[in-house]
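The values are calculated or read from the model by the stated rules, or taken from the named source; none is laboratory data. All values reported here derive from a predicted model rather than from experimental measurement. Please note: Cβ atoms are built from the backbone with ideal geometry, for glycine as well, and neighbour counts cover all protein chains shown.
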Amino acid sequence: MHRFLISAAHKSSGKTTISIGLAAALKARGHSVQSFKKGPDYIDPLWLGLASGRPCRNLDFYISPHQEIKAQFARHGHAAEVCLVEGNKGLYDGLDLEGSNSNAALARLLGLPVILVLDARGMTRGIAPLILGYQAFDSELNIAGVILNRLGGSRHEAKLRAVIEHYTDVPVIGAVHDDSRLQLTERHLGLMPANETGGAEQRISAIEERVAAQVDLGRLLDLTATDLALPQPLPVRVKSSGATPLRIAIARDAAFGFYYADDLDAFAAAGAQLIPFDTLSDPRLPEADGLFIGGGFPECFAAALAANTSLREDIRAAIEAGLPTYAECGGLMYLARSLTWQGQTQPMVGVLDADVVMHDKPVGRGYVKLLPTAEHPWLRDGCGNQPGAAAIAAHEFHYSSVENLSPQTSYAYRMKRGYGSDGQHDGIIYKNLLASYAHLRSTPACDWVARFVQFVHGVRTSAVTPRLNSSRR
């Protein structure tokens with residue numbers, strides 16, 4: 001078995017592209033590859049999952065305690081020949097002075113050797129003290145090898161290899177030359193998601209070809225080999241929500257694709273069947289007991305979303321009739337009255353009596369802490385198994401703001417940390433709808449999927465009259 005963490009000296013070093021290329025190259029050579037991404041991220045995992053052929057999993061210190069992270073890693077990685085973990089930011093970057101949530105901390109926790117991707121543009125002899133400093137900063141960390149990236153040519157590569165070989169004991173396992181064909185398109189939230197890139201498979205194939213030609217895959221596997229097997233996970237018990245499985249309609253298309261793989265698994269474990277639909281092309285909402293619209297880039301598809309009038313009317317009518325609905329970030333934007341971006345305003349579903357406006361800079365960004373209010377439809381007693389549980393750990397990343405909300409709006413959360421909908425609250429409630437900027441993760445500490453499915457089941461079986469409040473008109 002082979003397990004390693006890909007990190008860098010700083011963000012934007014090209015480690016995601018290298019990770020995609022390695023995952024695809026190892027898969028192409030017959031290895032089963034399980035990819036992981038550190039921290040809160042939807043976009044990189046979409047690319048890594050497509051490259052490896054199996055869903056990428058997120059590992060997040062803010063959301064999960066150490067034992068849970070180790071259990072997640074074992075659960076998804078025990079049967080794979082290669083476990084590839086892509087870090088975020090730089091190797092030692094973190095939220096606190098001790099670096100307790102850094103890539104280095106994750107590598108130590110999981111016992112992973114580190115492959116350091118170094119953006120070597122403009123560097124020659126200075127690369128040696130950089131590597132030596134990274135080694136000396138944490139002597140317990142195993143920097144097993146480096147991949148030089150964005151090299152200026154063969155002469156540049158030769159100079160760097162000579163310097164590193166002379167001054168350090170870290171092997172160079174790859175030297176990737178600067179190549180526009182390796183670049184992935186970026187926008188305001190990072191890379192363009194793979195779910196809206198028509199030629200994603202071809203793009204990955206091109207990256208795989210170039211990375212495989214410039215990285216010694218055999219040396220990589222030799223340096224990251226281990227005889228220590230990951231523990232066999234306990235089987236997941238599937239809960240029953242009644243004689244007839246619940247059907248949860250889920251928006252999955254180019255506009256909405258931000259879903260954590262573990263959350264999607266949790267729906268099945270909770271006894272619910274996910275029914276995908278396309279907000280851009282499907283004329284009707286599929287028959288379902290509940291609705292989930294995750295995050296994405298609705299602003300980039302606003303005109304197409306607006307043009308699908310029949311689906312917008314169908315969704316609005318269903319929510320007005322009491323369909324239990326959960327919407328995160330992009331989903332909230334879609335359910336608003338209008339969406340304005342780059343001087344253009346388009347009508348949206350209109351079930352929320354509010355307007356969404358896009359800005360040039362982030363309005364809410366980073367980790368959040370949420371305190372559920374008594375108005376929350378399915379987390380009134382917190383997110384743990386006991387009443388009065390601690391604040392919910394989640395994250396937000398939005399360039400939009402909600403405008404023209406009524407002062408009498410009911411909210412599901414008070415913000416202990418973060419911005420949310422208005423700097424103090426998040427989770428707009430209307431009938432059986434909860435629309436929030438915060439992104440939740442389904443974990444043992446916050447089993448939001450099971451709670452939502454239970455709420456949907458309760459509405460279906462007891463014909464609960466939709467809760468009325470003043471969030472609308």
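Quick notes
- Cβ-Cβ contacts under 9 Å between residues 6 or more apart (or on different chains), taken from a first residue in the stretch 279-294 that is within 21 Å of Cys329 (Cβ to Cβ) to a second residue that is among the acidic types (Asp, Glu) and in a strand (DSSP E or B), are listed as Phe292/Glu328; Ile293/Glu328; Gly294/Glu328.
- Some residue of the stretch 391-404 being in contact with a strand residue (DSSP E or B) (Cβ under 7 Å, 6 or more places away or on another chain), surrounded by fewer than 23 Cβ atoms within 10 Å (Cβ to Cβ) and free of Cβ contacts under 8 Å to residues at least 40 places away in the same chain: yes
Each row is one residue, and each column tells you yes or no for (1) at pLDDT below 95; (2) of a type in the set (Asp, Glu); (3) not assigned by TED's automatic domain parsing to the domain that holds Ile43.
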{"position": "Ala390", "(1), (2), (3)": "yes, no, yes"}
{"position": "Glu396", "(1), (2), (3)": "no, yes, yes"}
{"position": "Glu403", "(1), (2), (3)": "no, yes, yes"}
{"position": "Arg414", "(1), (2), (3)": "no, no, yes"}
{"position": "Gln424", "(1), (2), (3)": "no, no, yes"}
{"position": "Ile429", "(1), (2), (3)": "no, no, yes"}
{"position": "Leu433", "(1), (2), (3)": "no, no, yes"}
{"position": "Asp447", "(1), (2), (3)": "yes, yes, yes"}
{"position": "Val453", "(1), (2), (3)": "no, no, yes"}
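Condition check ((1) crowded, with 16+ Cβ neighbours inside 10 Å; (2) in the same structural domain as Leu22 (by TED's automatic domain parsing); (3) not small (Gly, Ala, Ser)) across all residues:
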| site | (1), (2), (3) |
| --- | --- |
| Tyr62 | yes, yes, yes |
| His76 | yes, yes, yes |
| Ala80 | yes, yes, no |
| Asp96 | no, yes, yes |
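- Qualifying residue in the stretch 336-357 (condition: assigned to a loop (DSSP other than H, G, I, E, B) and charged (D, E, K, R)): yes
- Test: residue in the stretch 176-187 that is modelled with pLDDT of 90 or more and either within 18 Å of Phe4 (Cα to Cα) or assigned by TED's automatic domain parsing to the domain that holds Ala105 (or both): yes
- Taken together, Val85, Val117 contain a single residue that is over 16 Å from Gly14 (Cβ atoms) and in contact with a Lys or Arg (Cβ under 8 Å, 6 or more places away or on another chain), which is Val85.
- Scanning the stretch 320-350 for residues that are among the β-branched types (Val, Ile, Thr) and under 27 Å from the mean Cα position of the chain (by Cα) turns up Thr325, Thr340, Val349.
- Pairs, first assigned to a loop (DSSP other than H, G, I, E, B) in the stretch 208-219, second at pLDDT 95 or above and of a type in the set (A, V, I, L, M, F, W, C), C-beta under 9 Å, six or more apart: Asp216/Val172; Asp216/Ile173
Residues checked against (1) at pLDDT below 80; (2) more than 23 Å from Ala80 (Cβ to Cβ); (3) part of a strand (DSSP E or B):
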residue	(1), (2), (3)
Gly133	no, yes, no
Gly145	no, no, yes
Leu148	no, yes, yes
Arg155	no, yes, no
His166	no, yes, no
Gly174	no, no, yes
Ala206	no, yes, no
Pro231	no, no, no
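- Enumeration of residues in the stretch 305-346 that are over 29 Å from His457 (Cβ atoms) and of a type in the set (Ser, Thr, Tyr): Thr309, Ser338, Thr340, Thr345
- Residues located in the stretch 37-53, provided they are under 15 Å from the mean Cα position of the chain (by Cα) and not acidic (Asp, Glu): Lys37, Lys38, Gly39, Pro40, Tyr42, Ile43, Pro45, Leu46, Trp47, Leu48, Gly49, Leu50
- Among the residues listed as Ala8, Ala25, the single one being more than 17 Å from Pro193 (Cα to Cα) and crowded, with 24+ Cβ neighbours inside 10 Å: Ala8
- Tally, over the stretch 12-36, of residues that are among the charged types (D, E, K, R) and more than 17 Å from the chain's Cα centre (by Cα): 2
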